[in-house]
Amino acid sequence: MPNAKQDIARLREEIERHDRLYYVEGRTEISDPAYDALFTQLKALEAEHPELVTPDSPTQRVGGEPLDGFEHVAHAVPMLSIDNTYSPDELREFDGRVAKGLAGEAYEYLVDPKVDGVSASLRYEDGLLRLGATRGDGKTGDDITQNIKTIGAIPLRLHGRDWPEVVEVRGEVYWPRDRFDAYNKKREKEGVEPFANPRNATAGTLKSLDSAAIADRGLSFVAHGFGEIVGAAFETAAEMFQAFKRWGIPISTDAKVCKDIEAVIQFVERWDETRKAIGYETDGVVAKVNRLEQRDALGATSRYPRWCIAYKYAAQQAESVLRSVDFQVGKLGTITPRAVMDPVQLSGTTVRHASLHNFDQVERLDVRIGDTVVVEKAGEIIPQVVRVVTEKRPKGAKKIAPPKRCPVCRGDVTKDEGGVYVRCINPACEAQIKERLKYYCGRDQMDIEGAGDVLIDQLVDKGYVHQYADLYRLAEHRGEMLGDTPPDGLFEPSERKLDRMGEKSIDNLLAAIVRSKKQPLSRVLAALNIRHVGGASAELIAERFGTMQHIAEATVEALQEVDGVGPEMAESVRVFFDSAAGRETWEALYREDVNMTQPETRPRGARPLAGKTLVVTGTLEHFGRKEIEKLIKDLGGKTAGSVSKKTDYLVVGEKAGSKLDKAEKLGVTVLTEAEFIELTEDSE
């Protein structure tokens, strides 16, 4: 036993060293067969001594038992998206906003390639990988730890000894081009259709419920950010990434610190050529303020950080022939024309359909049936027609006219007054019902797992659901959905049975529907599909009024008192709650016990910082930056990114820097962390 334990430890250490050399340092010392021999030897020893197997052993990458589904997990720090820009001038505009936000402080950028993969968060506790999660909606993602462990580039245990108690590494899971091509060749030999492109295949791989089946695909990982860190502090992102590298986490070898925005633009221009020869897919470059304290000062909107921006290169274009146009009806009745074309390869996928956006755009482009059109992917995701090759137009090419009736329900249509959209105005239109239900069940709204597009279509087509509240009565039809004879005898069992839905799938769906009743008011309000009201504005309104009844009674003037709610949104909310359909919609949900209240977000106690403006600088012992800023807000104060004459207090930690000097010059009251805590004790 002692010898086996020592041999296992030695083999693990040797394998982990070679993994680090390959994935982090980009070099090798042994051949693939020699590496495989080490792995085989370790696997055999662990089979003889199963009591010595640990979660961080390299053998634990091979995947476990298939999962029934993914658990949802909350991110300790939200995973926000990054705003995009497409020209050097837009980069300079972004730089102007940064300069203004930092009020004259010197700053620099860390620039690295934008890998075209799937965002993921890795949480290490005491050096051990405890959780791998998808980005999800930014606040909540899926627990994909079992799949993450199959990726050889991701250490199961951090190297060295100087890692903190908790570190969340944010980065991109991607499929290197050579491994992707090799795997596709293998699929072709087996008579299986090859994957269209690395990014989509990576996303599908990470959502597989059987990790053992994907362990040999060869995905990789590169870090580009961080979430929660407990027990360590860094001045700059560049310094932090060097720590990541020491701990065995792959980082970009092409990242560079740029002294100003002009150096960033030079990097962008050089990388446009370089990226064509590298071994992974990339569609742009990300520029981030390097100093972490300055990032905190700049903050974020509800969707994007203000301290970074992604420069996206011009989208790939291709020509195809437009054969016909079909019309799609959205959740608000909007009728969108969609081009049906000859298949064409675009950014690694086969494209047959492309958006024409609206009928004003059709007229501007003068696009006709039979035209040769130029197609590109908007943001590398949605194909759209951008231009007509008029010199290739055939004789008799037919113009495209807006439909005079809804293409689904044949109901009346109208064009928005002063707008560009043609809408079906029949609220009972089946296409609108389906789209509204899909939106209601979506992750950012009621988050009903399992209620995907295909299932919603079935539920409507088979007569189970026509409004949101019907979802909460589906349990009454469990037998019919499984194929039992319906009690009313009006349908044959086969007509009511849901396709590809067994007992377990239906029970999981019903359980998810019950769980959705506990969603906060903000989610319910967003799910109601009120025009102009999105997730962020729904949260602001819900926090202001507290209950659905109070929102339903709020005047337009009261609604406009909410930050971020303008006249158009306020009027739209009022129209919804004044309408018979709107009133019946939310009252029906109330009768099904769907939560109609918003949880209290601000403590009720004393507010000693009411009306005060505070700036926080340096590294604090008892608070993270986000934590102390939330506390200041909860106690009635507000935070600012820079010191000015309007600043009431500067809270300082270690390495306070230039803000302390400026506060002393302006006579601003300076508080140590202990003095801040003493000042706020009255709130307890």
Of the GluC sites (Glu not before Pro) in the range 618-668, which ones lie in a loop per DSSP and count no more than 13 other C-beta atoms within 10 Å?
Glu621
Where a ≥ b ≥ c are the square roots of the eigenvalues of the C-alpha gyration tensor, would you call the range 2-62 rounded, which needs a/c under 1.5, or, failing that, prolate if a/b is larger than b/c, or oblate?
prolate
In nm, the gap between the two label points placed 7 Å beyond Cα toward Cβ at Lys415 and Ala581 is 2.2 nm
Can you put Glu168, Glu678 in order, fewest other beta carbons within 10 Å first?
Glu678, Glu168
Cα→Cβ-extended label distance, 7 Å offset, between Gln60 and Arg323, nm:
5.3 nm
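Cα-based Rg of the range 613-683 per 2.2 N^0.38 Å, rounded to two decimals?
Rg over 2.2 N^0.38 Å, computed on Cα atoms: 1.00.
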Please compute the length gained on full extension between Val454 and Val340, using 0.36 nm multiplied by the number of residues separating them and subtracting their Cα-Cα distance.
38.9 nm
Highest mean first, what order results for 521-528, 205-212, 41-48, 438-445 on Cβ atoms within 10 Å?
521-528, 438-445, 205-212, 41-48
Taking a threshold of 20 Å on the Cα-Cα distance, which of the pairs Lys626/Lys659; Lys245/Lys276; Lys612/Lys645 fall above it?
Lys245/Lys276
Pairwise centroid distance, computed over Cα atoms, of the range 1-50 with the range 209-253, Å:
21 Å
Over the chain, cysteine residues that find no other Cys C-beta under 4.7 Å are Cys258, Cys308, Cys441
Is the C-alpha gyration tensor of the range 332-394 telling us rounded, prolate or oblate? Criteria: a/c under 1.5 is rounded; beyond that, a/b larger than b/c is prolate, otherwise oblate.
oblate
If I take every Cα pair under 8 Å that is 6 or more residues apart in the range 317-424, average their sequence separation and divide by the length, what percent do I get for the relative contact order?
27 percent
Would you list Cys409, Cys429 from fewest to most Cβ contacts within 10 Å?
Cys409, Cys429
Theoretical gain in end-to-end length, Glu13 to Ala674 [0.36 nm per residue, Cα-Cα removed]
233.5 nm
Simple spin-label model, 7 Å along Cα-to-Cβ: Lys207 to Glu273 in nm?
4.0 nm
Could you give the length gained on full extension between Asp32 and Ser302, defined as 0.36 nm per residue of separation minus the Cα-Cα distance, in nm?
92.5 nm
FRET efficiency (Lys404, Val230; Cβ distance; R0 45 Å; to 0.05) is 0.10
Any idea what the alpha-carbon Rg over 2.2 N^0.38 Å comes to for the chain?
1.07
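No value in this document is a laboratory result; all are computed from the given coordinates. Everything numeric here is computed off the predicted structure, so don't read it as measured data. Every residue, glycine among them, receives a Cβ derived from its backbone with ideal geometry; neighbour counts consider all protein chains shown.
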